[in-house]
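See structure below.
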Amino acid sequence: MADFMEEAYRRIRSSVSVSSAEPASTLPKLEQLDAARTSLPKLSDGNYLNGTGQQKTLDHLLNDIAPALNGQNLSGRYHGFVTGSTLPIAEVADNIVSAYDQNVQVHLPTQTIATEVEDAALKMLIGLLELGDVADWEGRTFTTGATASNILGLACGREAVIQARLPKGADGVGELGLLGACAQAGIRDVQVLTSMGHSSLSKAASIVGLGRKSVKELPHSDHEPWRLDLHAVERELKRQGIASIIALSAGEVNTGRFALTGVEEMQKLRDLADRYGAWIHVDGAFGIFARALPVDPEFSRLKAYAAGLELADSITVDGHKLLNVPYDNGIFFTRKASVLTSVCQNPNAAYLSGGASDIQSPLNVGIENSRRFRALPVYAVLLSEGREGIAHMLARMVRLARGIAQAIKDSPDYVLLASEAASIEDTHIIVLFRAKDERLNDVLVETINSGGLWYVGGTKWKGQKAVRVAVASWRVNVEEDLAAVKQYLASIAQQHKSG
């Protein structure tokens, strides 16, 4: 068995080795996809589910399946979804996670260090993101990603804003259910106030029983729809019989822009929330990492936009985005652990408690009762890279995104979008643009991606097709990647003009 594992790891590393002479392809070739599909087991086969053994299965995985996977982790030019590559130390840690296969849902301090490592990683993140004293964030846990963290954010918000209107000592939503608690509290509706909230916010609203239609968009203006209109927020908070959760996008998905302009607006919002009993949740999946950029005038505007997020009641963070740990890694922070346990506590299961400790069993503060030791790669990256190493990695991402934005702005063939009231210094890691020629714009995303050397996402902006570039990989080489992008875009425009 040991020999097999050694051979397998050696072959895996060989299959993902990247040549310095030639950039890795961002997408597999069509023939590789076809070959992989053909290799999949078929119900009609006579030997279906007969078992092929370890060696043949490994051969199949590496020879048929692996070549048909995308190059997200292999190329610094995969700029589609906001999903970073995996830092080498994070991959090593994730292999340890699989090899030791820990159950990290119950705090068992005499049996495993796993939950204490998880708590250490969460505290280190609070330090990295400069969110204040660790004691200010009693509720903290790892999730599968931003969607699960947004679910927790709305669930905690729902619990808190309804509990505040119930008689003292009364059970909350976790015990009574949404209808029962609202009836006792005299609440006829719970609304979620936002500006260009991520689609997962509406999904979360549905899952926690508020409904997708509870999400209300309150844009500041047509030019800056990602910004939250604080006057409209106050108007909504004054409505009688309505409880409110305010959801801020700290990194709107299409533009990367922030819902508020900084600490002054955040303090105003905090005052409004306190006055009217609302909950502030920040979806900071990737935008919150602006707080970890180097202290340098180059990034001062971004850091100013992200200032004040520590005043929120709950925060979503994604590890598998800019922190560059393996996919399926999110983080959730909230002020009071009691709110989180009100939502997630496993009742009447003494064997799950883990005994007296200042570290709660994760299953009582999270959605899942079973999950991987996903804290270990985060712990490894924070320990290995430190504040300075992570800051430099993030800086490279921002510099490349700004270089691409400037190139688009200077181009006669393309238009930089969402830039009417912004400068290049407003660019974090996302660039939104379109082709001036409508015919080219219709096929621009497909044309860029078909080359395999650069991958972008397709979206819509104000009803028209647009290209979204999300720079999130530690592999970024600012000079080389920017030169390649400029050449690629110019070539596409020239070929289109030549018919």
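The values are calculated or read from the model by the stated rules, or taken from the named source; none is laboratory data. Everything numeric in this text was worked out from a predicted model, so none of it was measured. Here the Cβ is made from the backbone with ideal geometry for all residues, glycine too, and neighbour counts use every protein chain on show.
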Filter result for Asp283 (closer than 18 Å to Gln191 by Cβ, surrounded by 20 or more Cβ atoms within 10 Å (Cβ to Cβ) and among the acidic types (Asp, Glu)): yes
Residue within segment 68-78 that is at pLDDT 90 or above, assigned to a helix (DSSP H, G or I) and over 30 Å from Arg396 (Cβ atoms) present: no
Condition check for Cys182: of a type outside the set (Asp, Glu), more than 26 Å from His198 (Cα to Cα) and in a helix (DSSP H, G or I): yes
Test: Ala155 is buried (at least 19 other Cβ atoms within 10 Å of the Cβ) and free of Cβ contacts under 8 Å to residues at least 24 places away in the same chain: no
Selection within segment 107-144 - in a loop (DSSP other than H, G, I, E, B) and of a type outside the set (A, V, I, L, M): His107, Pro109, Thr110, Gln111, Thr112, Glu130, Gly132, Asp133, Trp137, Glu138, Thr144
Condition broken by Gly145, with the remaining ones in (1) under 30 Å from Val325 (Cα atoms); (2) in contact with a Leu (Cβ under 9 Å, 6 or more places away or on another chain); (3) modelled with pLDDT under 95 satisfied: (2)
Ser200 under 14 Å from Ile245 (Cβ atoms) and touching a residue at least 24 places away in the same chain (Cβ under 8 Å): no
Contacts under 9 angstrom Cβ, first residue in segment 35-55 being farther than 22 Å from Pro67 by Cα, partner not β-branched (Val, Ile, Thr), 6 or more apart: Asn47/Pro41; Tyr48/Pro41; Tyr48/Lys42; Leu49/Pro41
Sole residue being at positive phi and either of a type outside the set (Ser, Thr, Tyr) or not in a helix (DSSP H, G or I) (or both), chosen from Ala418, Ala391, Ala401: Ala418
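Let's see how each residue does on (1) of a type in the set (S, T, N, Q); (2) at pLDDT 95 or above:
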residue: Ser357; (1), (2): yes, no
residue: Glu368; (1), (2): no, no
residue: Phe373; (1), (2): no, yes
residue: His392; (1), (2): no, yes
residue: Arg399; (1), (2): no, yes
residue: Arg402; (1), (2): no, yes
residue: Ala407; (1), (2): no, yes
residue: Glu420; (1), (2): no, no
Number of positions in segment 94-125 that are closer than 20 Å to Ser15 by Cβ and surrounded by 21 or more Cβ atoms within 10 Å (Cβ to Cβ): 1
Selected residue (criterion: surrounded by the fewest Cβ atoms within 10 Å (Cβ to Cβ)) from residues of segment 399-457 that are over 16 Å from Gln487 (Cα atoms) and of a type in the set (S, T, N, Q): Ser423
Any hit, segment 220-227, residues being surrounded by fewer than 17 Cβ atoms within 10 Å (Cβ to Cβ), modelled with pLDDT of 95 or more and either β-branched (Val, Ile, Thr) or more than 18 Å from Ile187 (Cβ to Cβ) (or both): no
